[in-house]
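No value in this document is a laboratory result; all are computed from the given coordinates. Bear in mind the structure is a predicted one, so any value in this text is a computation, not a measurement. Cβ: placed from backbone, ideal geometry, glycine included. Neighbour counts: every protein chain shown.
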Amino acid sequence: MAHTAPARTGPPPTHHPAIPLKAKFVLPALAGIVYGLWTSGIDRHAGPITGWNVLLGVVSALAFAAAAYGIHTIAPRLPRELRAATWAAFAGIAFGFIYSLTDAGLVKTALLSLAVAAGVLAVVFYRYYTTED
């Protein structure tokens, strides 16, 4: 006797898996902490740790975490092109700020930031394009 699978009686599945509430806060916070430590480490140029290095690291960590949380919150409602562009802009700005702390030239910093943003745009757009319905 053959049986069929029971019919689904709920809303259709979405292409965005539900992100647990804990991960929504923890991942940006951890990434912000890493970014803040990296920022303060680069800014001190192998010198002593000062209050300004610590302040820069804390402010950078808070700004990075807040921006990442905001993008995680808003991005699922955006079309895939704009969502990919948002992540690309975030990655380019974050990289550009870190790289500018190394006393690199303005043009070199801008060009490398654009290269990072273009790479992130290509990868994220490809991911969204191939995984959406």
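Consider a paramagnetic label point 7 Å from the Cα of His72 along Cα→Cβ; state which residues of the stretch 34-52 have an amide N under 16 Å from it. Under cut-off, by backbone N: 34-36. Evaluating 6.51 cos²θ - 1.76 cosθ + 1.60 at θ = phi - 60° for every residue in the stretch 82-91, the Karplus couplings come out as 5, 5, 5, 5, 5, 5, 5, 5, 4, 5 Hz, glycine and proline recorded as x. What is the local net charge at Pro76, summed over the other residues whose Cβ is closer than 13 Å to its Cβ (Lys, Arg +1; Asp, Glu -1)? For residues surrounding Pro76, the net value is +3.
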